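To start, the structure itself, in structure tokens.
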Amino acid sequence: MSDMNALSNGLLPHGPLLERLLAGEFICAVSDESAFQRLEDEDTREAIDDYLRPLNRRLASNPDASVYFLAWRQLDDSARDQLSRQLSDTLHSLLPVLEWLQLVQEALGRDSVLSPGDVLKPGELQAKSEDNPSLRERIERLATDSFFGSQSDQLDAQVKQVFKRLKEHGYLLQPHGERQVFLVTGKIDYLLDLVRFIRDEEHLPVDEQGEATQEALL
Amino acid sequence: MSEADTPGLESRLITTGVERLSLLGRHAESLMQGYAHDEVPLDGLSNTALRRLLAARIVWRPDEQSGVKLTPKVRELIAEMVADEARRHVNADVAETLELIRSLVESYRESSHRGDYWQQEQQLLRLRQAVDDMSGRFADAIDSLWQRLNSDFGFVSRLNDKVRENDRAQKQVVRLLDGLALIDFNELIALVGSDGTLRKLLISQLQQQLSEHYTSLREVQHRLIELMARFRHMQSRSRLVAGMAAFLREHPGFVPGNYARRSEVPTLFNRAAPLTAAGSAALDRAQDTATLSALLNDIPAPAHSVQSVSAARPSQSSEGDHVAARQQALKQDVETFYLHVVDKTEPDQPISALEYLHTSELTWNAEIWLFQVIAEFQGLPHSEQRAFHIQQEEGQASPFNEVRLIHDVALSLAV
């Protein structure tokens, strides 16, 4: 058996995974647990990388390796153009998504920012905001932001639209199409890594460690 | 103190103890009110009952103005009994116990020298209790720590409180470990000398218990640090999100550097464009033919439903129908124009399309009319096109470019 055969046979079980990666999806323990486990194996990663070589792509992950995606192997001009456009899209979505994270955290009275695997129900968020005018107003402002793009003035339609967009962008996963229950994916980790990176690169005055300074001010 | 007196004292102690312990049960409700709130409510208590509770030091009055409160010891006892982690105290107090043990060992020795065996027995009993108390306090403290750990500090709800509680627990572990370090077995060995009973109690038994406590404490400490790291991680995520959101709100025009143009693009920003693995049916492999024909057979036949007469409704012209009808009318008017040109049959007398439009009192928009006239000409078969002469009256749109506009079209029969 030739080397090429050995290679492709070895990759046979990873077909669907390769397809998802190539389609631009992020693979994490929530979005595809078994695929993620396989990606944690270095040999598998190498085999996939070899396969991707002629497609000018390679397997990449965030610093914690909690989410995998495909990166360009060689950066030519068109790849750089695509990355620039992507960067500006990401920046455009940054504030709306961060504000949504804060809103959910406050509305549901949670200790911390949403993490991969957390369960979210749009109905719950809606119920919490029905009797809370300020929350209601924040959802409205957020939903009509161009990133979420809701045209409706109804709370339920606004919440639905926000969840729909977050699902499209891979931050949320809906395990059962007909049930309004969503799971937070590892892409949230990726987003926070991006934020951290931008903060460090641009030396932004955004404090992560400063204990209780804000509380003291309050 | 004579032998006869001592058992009498003991029985008096027992009687008082039983009386006072039963006070706890009799006034349990009021006392628990005092535990849960700040003060013990006096409505349910008679004067006598209150006096007794004060005498038993179950409750006390910190000063004249204040109400009646539980004494610290009773509060602690209740906290231990109900495992109330928010109030449970961790207090090993090793130094004091060691003092007690030293003095008890000396008293024990003296009684032994005097041959006072009853007294010696009593000292040994108290010594045992002191050792058990010390070990028990460690065990309780460790139990309390585990309880808090296993509940993720569930007795406080805010993350910041959890961080503080974890910090407090870690300090307690350090104090407990310091307490353990105070126990110097070399000193104890010297203290007990050759006495077998003491040696067993103070060396072998204590050493075994303390080494278990030490292992547990190290484990608790390790787990507390791990949990703290998790809490800190959660805290830092919240701060990062809040901080960045606040920054972006304050600086709406903020644009970071274009990382995609750097010589080394940071991994996080290098996300390759999506690629779809497309596939189509192919017939170049014989073994696939059966599958493909099966697939073909499975494609549902287009449904031509028979329109039953009974289901027929009055026609409703839809938006699309309306547009199609207008288009058809325009086409017909243009055809009439062409026939008009043919009928006139005056060569070299071209008829202006716009003029015809006005004289025929047609309502078409001039531009649409011209477009349709030209389209009609281009739609004619080549042989028929040659029968007509079409002249386009054009003008330059602007002196700055080469765009030309058609102002009119004149049509005549070619002779």
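A few remarks follow.
- Taking 0.36 nm per residue of separation and subtracting the current Cα-Cα distance, fully stretching the chain between residue B:118 and residue B:293 would add 52.4 nm.
- Only Lys, Arg (+1) and Asp, Glu (-1) charged, at Cβ; the protein assembly as shown dipole about Cα centre in debye: 2060 debye
- Test item: Cα-centred dipole of region B:50-164, Lys/Arg +1 and Asp/Glu -1 on Cβ, debye: 440 debye
- In nm, spacing of pseudo-spin labels at residue B:10 and residue B:261 (7 Å Cα→C-beta vector): 9.4 nm
- Dipole axis of the protein assembly as shown (+1 Lys, Arg; -1 Asp, Glu on Cβ), positive-most option in B:296, B:53, A:21: B:53
- Largest to smallest principal axis extent of the C-alpha atoms in region B:44-140, angstrom: 54, 33, 21
- For region A:131-187, GluC sites (Glu not before Pro) meeting the loop criterion (DSSP other than H, G, I, E, B) and having at most 10 other Cβ atoms within 10 Å: A:178.
- Computed accessible area, residue B:340, all protein chains, 1.4 angstrom probe, square angstrom: 60 Å²
- Evaluated at q = 0.15, 0.18, 0.30 Å⁻¹: base-10 log I(q)/I(0), Debye formula over Cα of region B:181-243: -0.62, -0.73, -1.13
- For chain B, built as a Gaussian network whose Cα springs stay under 10 Å, the top-fluctuating residue of B:240, B:295, B:77: B:295
- Solvent-accessible area of residue B:157 with every protein chain in place, 1.4 Å probe, in Å² to the nearest 10: 90 Å²
- Under the combined filter of DSSP loop state and at most 13 neighbouring Cβ atoms within 10 Å, region A:38-97 retains these GluC sites (Glu not before Pro): A:40.
- Taken across both chains, chains B and A shield about 4800 Å² of accessible surface from a 1.4 Å probe.
- Around residue A:200: net Lys/Arg minus Asp/Glu count, Cβ-Cβ under 13 Å: -3
- If the Kirkwood radius is taken over C-alpha pairs of chain A, then at 25 °C and 0.890 mPa s the Stokes-Einstein diffusion coefficient equals 125 µm²/s.
- Modelled label positions at residue B:203 and residue B:323, each set 7 Å beyond Cα in the direction of Cβ, lie 10.5 nm from each other.
- Dipole magnitude of region B:119-225, debye to nearest 20 (Cβ charges: Lys/Arg +1, Asp/Glu -1, about Cα centre): 280 debye
- Among B:274, B:191, B:169 - extreme Cα towards positive end, dipole of region B:145-284, charges at beta-carbon: B:274
- The Cα center of region A:136-158 and the Cα center of region B:142-221 differ in position by 56 Å.
- If you wrap chain B in the convex hull of its Cα atoms and look at it from every side, the mean projected area works out to 59.5 nm².
- Ligands, DNA and RNA left out, the 1.4 Å accessible surface of region A:5-102 is 47% carbon and sulfur atoms.
- Anisotropy class of region A:1-120 from Cα gyration tensor, a/c 1.5 cut: oblate
- Semi-axes of the equivalent ellipsoid for the protein assembly as shown, Cα gyration tensor, largest first, Å: 89, 33, 25
- Per-residue mean of foreign Cβ neighbours for A:82-88 is 6 (Cβ atoms of other chains, 10 Å radius).
- Accessible surface of residue B:218, taken over heavy atoms with a 1.4 Å probe and every protein chain present, rounds to 110 Å².
- On Cα atoms only, tilt of B:366-379 relative to the major axis of chain B in degrees: 70 degrees
- Accessible area per residue in Å² at 1.4 Å probe, computed on the protein assembly as shown: 60 Å²
- Angle between chain A longest axis and helix A:77-107 axis [Cα atoms, degrees, rounded to 10]: 40 degrees
- Remark: the Cα gyration tensor places region B:331-415 in the prolate category, a/c being 1.5 or greater and a/b exceeding b/c.
- Counts of other chain beta carbons within 10 angstrom of each beta carbon in peptide B:255-268 average 6.
The values are calculated or read from the model by the stated rules, or taken from the named source; none is laboratory data. What you are looking at is a predicted structure, and each value in this text was computed from that prediction instead of being measured. Please note: Cβ atoms are built from the backbone with ideal geometry, for glycine as well, and neighbour counts cover all protein chains shown. Surface areas here come from the heavy atoms of the whole protein model, side chains and all, with no ligands, DNA or RNA. Shrake-Rupley method; radii C 1.70, N 1.55, O 1.52, S 1.80 Å.
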